[in-house]
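One structure below.
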Amino acid sequence: MKAAQTIFLQEMRPPDFFETPIEFLKGVGPQRAESLRTELGIHSFGDLLFHFPFRYVDRTRFYSTREINAEMPYVQLKGRIVRLTVKGEKRRKHLSGLFQDEAGTLELKWFQGLKWVMQSIRLNAEYVLFGKPSVFNGTVNVIHPELELVSDVSQEAASSLQPVYASTEKLKARGLDSKGILRLQRQLQLQMSPSLKETLPQEMLRSFRLIDRRKALSLIHFPDSAESLKQAEVRLKFEELFYLQLRLLQQKLVRTEKFRGMNFAIVGEKFNAFFKERLPFPLTEAQKRVIREIRQDLGSGNQMNRLLQGDVGSGKTVVALMSMLIAIDNGYQACLMAPTEILANQHADSIGKMLEGLGVTCALLTGSAKVAKRRAALEGVADGSIQILIGTHALIEDQVRFKDLGFVVVDEQHRFGVQQRARLWEKNVNPPHVLVMTATPIPRTLAMTLYGDLDVSIIDELPPGRKPVTTLHRTDHHRLQVWASLKQEIEKGRQVYVVYPLIEESEKMDLNNLMQGYESICRDFPAPNYHVSIVHGKMKSADKDFEMQRFVKHETQIMVATTVIEVGVNVPNASVMVIENAERFGLSQLHQLRGRVGRGAEQSYCILMSSYKLSQDARLRLKAMCDTNDGFKIAEMDLQLRGPGDADGTQQSGLMDLKIADLAKDSQLIQVARDAAMTLLKQDPYMDDPHHQGVKEQLSQVLKKSGNWGRIS
Ligand code: ADP
Ligand code: MG
């Protein structure tokens, strides 16, 4: 019955080309279909069509063996294999081939499938070879080359850019290596209707000089020249980015319409009293500007969702505090959520101090709070007697019920997941205003995408009197000198951090490493002249706190720690940050750690310790750190080095499903796409215009695929 029904429906309305199940493609049987689904997530014609080549081999040019060096990307050569030898024993066994052309010879190597390679290669026959040259033991060679008999190379392929597709071992076993997939793509092109629907309005194509969709989807697989490939790429990237931005901007639009924001019309007593009497320092221009921006939002009647970016030490806390006071002046409560207990404690301390005598009640709630204290906090928050609640993740638990929460601050927001933040919205019937703060600067284009539906404020100025931190790279050979300079600094009354990496995969080893480091520091910096604290993630939180407090109170001069101190800790007297195994940290992490020093008026130092031998990437990272203190420059570089997949927060947002656009490299196009999306939404927010019908349909397709991100992205 069910089957009959399906057939009936199919007859009535033939499935959309894109939705057609992949097994209906000629050349794909049930087994291949299954492998395509499980291995590459290709379920339909559309999925295959959007399985773009990840590179193209330039088959218009042959290189000679003399020209080859390891810096070259994939190259094509023509020649004969004159010898094949099995080398090495057991697990080191591999196959070595000698490839010869008119200019000379080149070694080929195989480590897998030796038997199959030996059987299939014809000695002394003329081959076309593709491969990526590499260096081994000082000589250039090609590992696992692709080989094709010259007699088999088709004329068409030899004169064009040949696409190369990602495949897997399982697919290869079913004949779907890159070439096999290419054959399927060719078949698919034949079945693709010549009048494939365009998804962008004609005037957009015209004004951005984009080629049409059908043509782009064809050229991306079968480019007839480098230029046409470029055109296809631009068109497809633009489309991808345009719908991404459209979705973000529309989400924002819907949200402002749907949720009436609480209107904080009054900037009243507490705010003014704080500003006039309690402010410990004059605000920087940047701080003033951001507070103005926030005040404007709060009084606009719309719900605020603002991202505050400011480099470490730029003074975000006081901005958060003053914003919370506006909420309190309007009769609402506020809360501040921090990612670690250390940081929550510190905020409670410093905010508590700043609020002294102001008549604002403030409480702390963390996971380790004692029962009685916890109950007091919960009750106070529920009956409204506590106006500001500061804490960790404990704040989002269900038992925490506010009388009337109006303002939420999330500090170091990259440490929290989307879900966690979203739950703070639900602490009031009407969602509170939200300010998320981050000290991990995000390059502008990435911010536009990651936080595309948030408004962004930036503190781009440090409080006056700060001396830039001097950063040095030292290897283990310099240890004695480094230790001597630490002693000098301590003599001058300064304090020192020594940080060790602690990452999950090798936790045990790292912990040993840390403890050994701690012991050797205790030996080299003995009591009674020196005292050393230690803090790491495996300690009980009370112990952590105790050790931290000893350092804060200057009872100890050296703090040995893991990256638990990475975020937010503020000890202005600490002027040296030593980072051990610095090559193991990412750039933003190094920058965050460096931000722990340079908070006082003294000259501060960050010393990056590493072994002498370093990978190219690690060397670049350490050099970047020594060259600049600018968090935004560091972030740009981080994005270039690591790619956006590793940037903070990108994983959770699902943004990395981008098929062709690259958030790191396509920044200009992101801007153009965003502007285009904004213009369209301004003209026609709900896309009622028949000209925008295609856009509307495509957007709903995109939404269906990507799911809902929740109310906060
Ligand atoms: P972050 O932005 O990293 O959270 P904080 O808010 O912790 O920075 O501020 C870092 C330090 O700078 C704190 O000791 C704070 O008191 C101080 N500070 C903040 N704003 C100013 C200012 N306008 N003038 C002088 N010091 C300031
Ligand atoms: Mg901070």
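For this structure, a couple of remarks:
- Global geometry of the stretch 178-288, whether rounded, prolate or oblate, following the gyration tensor of its Cα atoms and the 1.5 cut on a/c: prolate
- Amide proton proximity set for residue 305, modelled H, under 5 Å, gap of 5+: 434, 455
- Anisotropy class of the stretch 272-351 from Cα gyration tensor, a/c 1.5 cut: rounded
- DSSP bridge pairs, the stretch 470-628: antiparallel proportion in percent, nearest 5: 0 percent
- A 1.4 Å probe over all protein chains sorts 476, 404 by accessible area into 476, 404, starting with the largest.
- Two-site FRET efficiency, residue 38 against residue 480, from Cβ-Cβ distance with R₀ of 56 Å, rounded to 0.05: 0.45
- For the stretch 470-550, alpha-carbon Rg over 2.2 N^0.38 Å: 1.20
- Cubic angstrom per residue, convex hull over Cα atoms of the chain: 219 Å³
- Here is the tail figure for the stretch 546-586: Cα pairs spaced more than 11 Å apart come to 71 percent of all pairs.
- Taking amide H positions as modeled 1.01 Å from N, with prolines and chain starts lacking one, the residues under 5 Å from residue 299 and 5 or more places away or on another chain are 264.
- Over all Cα atoms in the stretch 470-628, the spread is summed up by Rg and Dmax: 14.6, 43 Å.
- The chain: antiparallel DSSP beta bridges as a percent of all, rounded to 5: 40 percent
- In this structure, the residue pairs whose Cα-Cα separation is over 22 Å, taken from 93/115; 26/170; 197/704; 115/172; 316/682; 215/705, are 316/682; 215/705.
- Each part gets one Cα centre, and for the stretch 60-112 versus the stretch 363-395 those centres are 69 Å apart.
- As a length-normalised measure over Cα pairs under 8 Å and 6 or more apart, the relative contact order of the stretch 6-153 settles at 18 percent.
- Difference of contour (0.36 nm per residue) and Cα-Cα distance, residue 151 to residue 603: 155.6 nm
- Global geometry of the stretch 66-159, whether rounded, prolate or oblate, following the gyration tensor of its Cα atoms and the 1.5 cut on a/c: oblate
- Contour excess over end-to-end distance, with Cα ends at residue 626 and residue 112 and 0.36 nm allotted per residue: 180.7 nm
- Subset of 252/544; 508/544; 288/370; 492/613 violating a 30 Å alpha-carbon distance limit: 252/544; 288/370; 492/613
- Subtracting the Cα-Cα distance of residue 519 and residue 183 from their residue separation scaled by 0.36 nm leaves 114.6 nm.
- The alpha-carbon atoms of the stretch 220-277, seen along their principal axes, cover 71, 30, 11 angstrom, with the largest extent given first.
- Among the trypsin sites (Lys or Arg not before Pro) found in the stretch 442-503, those both in a DSSP coil and sparsely packed, with 11 or fewer other Cβ atoms within 10 Å of their Cβ, are 492.
- Whole-number D in µm²/s for the stretch 332-411 (Stokes-Einstein; Kirkwood sum over Cα pairs; 25 °C, 0.890 mPa s): 199 µm²/s
- Rg/Rh for the stretch 283-459 (Cα atoms only, Rh after Kirkwood) is 0.94.
- Estimated FRET transfer efficiency (residue 265, residue 686; beta-carbon r; R0 45 Å; 0.05): 0.90
- Label-to-label distance, residue 209 versus residue 461, with points set 7 angstrom from Cα along the beta-carbon direction: 4.1 nm.
- Calculated FRET efficiency for the pair residue 349/residue 399, C-beta based, R₀ 25 Å, to 0.05: 0.55
The values are calculated or read from the model by the stated rules, or taken from the named source; none is laboratory data. Only a predicted model underlies this, so the values are computations on that prediction, with no experimental measurement involved. Neighbour counts are summed over all protein chains in view; Cβ atoms, including those assigned to glycine, are modelled from backbone coordinates with ideal geometry. Note: accessible area is taken over every heavy atom of the protein model, side chains too, but ligands, DNA and RNA are not part of it. Shrake-Rupley method; radii C 1.70, N 1.55, O 1.52, S 1.80 Å.
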